[in-house]
Amino acid sequence: MTQLRAYFDYAASTPIDPEIKQYYIDLIEQTWANPNSIHSFGRQSRAILENSRQLISTTLLCKPSEIYFTNSATEANNVVIQSFLKQGRVIISGFEHDSVLEISKGNPNIDITSPSSDGLVKVDAILELVQDDTVLISVMWVNNELGTIQDIQLLSQKLKELNQERAAKGLPRILLHTDGVQAPNCIKIDLQELGADLLTLSAHKIYAPRGATLLFVREGINLEPLIYGGVQESGIWPGTQNALAIGAFAKALEKSQKLENIELIQRFQTKIIEFAGQNGIKVNGSLDSRIPGNVHLSFKNIDQEELLTFLDLHGLAVSAGSSCASGSNKESQAVKYLDLSPEYTAHLRITFGRFTTEDEIVLLLKKLGLVFKKNS
Ligand code: PLP
């Protein structure tokens, strides 16, 4: 008898939506040529690329010329942070993705704000770190471990006021970048309302194949390239664009913004949270400001590796923390801010979404119940 398996690691990579998969397959024949070649084959590929840029701009309410493509969110985040570090100081939160945090290690021009124990970054705490030569604030929209939503709109409003005061003193304007990789499946994105100057989004978190990421850069902002080569993407990310992956990404982004299945996903979240409450398992992060497809749990007196192995053996794909840290013993970025007592020795990030079924939730709770029994 084959074992039932269930995937609860949507924050690492979502499964590919069958509709997007078919679109991707259909696009292969039209996108294999280099989109920068001027002959008819290249122009066909270029048309897909530019139509995708157009579709994305319509979806996010910005101009096509404000969208730049890279291959991964790690690349896009690096371009932003490293470019601004050449101009002045940068403020980040302590639980950013590694693609932001690793740059900050030992860098005297980075100021780090600690998230509160509810997994939220407080706007006032960020603004307290501003110095005369601060040029960028980068705070992730949805934390990839805890699923908590940061109030980027409020931050951008406060920053606008602050920037007016700074302009009067002749100080540089502070721009706002947000890593929104975990946001599109459950938050409506309106770039005019959001007010961020720069935004990173990635295909493999929104039911499309890996290999495409976008960086929104508001008109008038200049970024320094991180790598050098051709003039693709205005030199911000040189190298031949992956028109195939970008085509699927644009379609997936449009679909993500329909926010389908949100209520069902929310219902699953409530079930898991209730189960945790009944079994003495701690639920981490604000319950008021979080995406529906994430539950982050802490367990008492159980070994982290043992817990993950146990669940894996029982067919459950879950994660201990951020996906880039799995496979290593690296400490979670987010857990250290939670103020947990030392008896909480193991943590689980359970993430789910569009294709999660009721049966999978039943299986998850059954297996988590076994963990509870084992340790009580
Ligand atoms: N930012 C966030 C919030 C993420 O969750 C991830 C991936 O886990 C990344 C950035 C990095 O994305 P990529 O794998 O496309 O480099």
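So here's what we get for this one:
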| read-out | value |
| --- | --- |
| Single match in K271, K169 (criterion: surrounded by fewer than 23 Cβ atoms within 10 Å (Cβ to Cβ), at pLDDT 95 or above and in contact with a helix residue (DSSP H, G or I) (Cβ under 8 Å, 6 or more places away or on another chain)) | K271 |
| Members of the range 12-69 that are out of contact with any helix residue (DSSP H, G or I) (no Cβ under 9 Å at 6 or more places or on another chain) and closer than 24 Å to A183 by Cβ | P15, P18 |
| Some residue of the range 81-98 being touching a helix residue (DSSP H, G or I) at 6+ places or on another chain (Cβ under 8 Å), among the acidic types (D, E) and away from the ligand (no atom under 16 Å from the Cβ) | no |
| Selection from the range 202-225 of residues that are at positive phi and either touching a residue at least 40 places away in the same chain (Cβ under 8 Å) or within 14 Å of the ligand (Cβ to nearest atom) (or both) | Y207, G211 |
| Number of positions in the range 168-201 that are within 12 Å of the ligand (Cβ to nearest atom) and more than 20 Å from G247 (Cα to Cα) | 3 |
| Close pairs from the range 34-49: first in contact (Cβ under 8 Å) with a residue 24 or more places away in the chain and under 18 Å from F249 (Cβ atoms), partner part of a helix (DSSP H, G or I) and basic (K, R), Cβ under 6 Å, at least 6 apart | P35/R46 |
| Helices (runs of 4 or more DSSP H) (entirely within the range 81-195) containing at least 3 residues that are among the aliphatic types (A, V, I, L, M) | 98-104, 123-127, 152-168 |
| Failed item in (1) surrounded by fewer than 18 Cβ atoms within 10 Å (Cβ to Cβ); (2) of a type in the set (S, T, Y); (3) not in a loop (DSSP other than H, G, I, E, B), with T240 passing the rest | (3) |
| Selection status of R5, surrounded by 14 or more Cβ atoms within 10 Å (Cβ to Cβ), more than 16 Å from the ligand (Cβ to nearest atom) and touching a residue at least 12 places away in the same chain (Cβ under 8 Å) | no |
| Residue match in the range 208-217 (condition: among the aromatic types (F, W, Y) and either closer than 24 Å to E19 by Cα or in a loop (DSSP other than H, G, I, E, B) (or both)) | no |
| Residue in the range 148-158 that is buried (at least 21 other Cβ atoms within 10 Å of the Cβ), over 19 Å from F216 (Cβ atoms) and either among the polar types (S, T, N, Q) or more than 16 Å from the ligand (Cβ to nearest atom) (or both) present | yes |
| Meets criteria (within 16 Å of the ligand (Cβ to nearest atom) and modelled with pLDDT under 95) for S104 | yes |
| Flag for Q131 being without any contact (Cβ under 8 Å) to a residue 60 or more places away in the chain, of a type outside the set (K, R) and either crowded, with 19+ Cβ neighbours inside 10 Å or more than 15 Å from the ligand (Cβ to nearest atom) (or both) | yes |
| Condition check for G88: touching a Ser or Thr at 6+ places or on another chain (Cβ under 7 Å), surrounded by fewer than 17 Cβ atoms within 10 Å (Cβ to Cβ) and over 29 Å from F355 (Cα atoms) | yes |
| Count of residues meeting criterion [within 16 Å of the ligand (Cβ to nearest atom) and either surrounded by fewer than 18 Cβ atoms within 10 Å (Cβ to Cβ) or aliphatic (A, V, I, L, M) (or both)] in the range 14-35 | 2 |
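The values are calculated or read from the model by the stated rules, or taken from the named source; none is laboratory data. Bear in mind the structure is a predicted one, so any value in this text is a computation, not a measurement. Cβ atoms come from the backbone with ideal geometry, glycine included; neighbour counts cover every protein chain shown.
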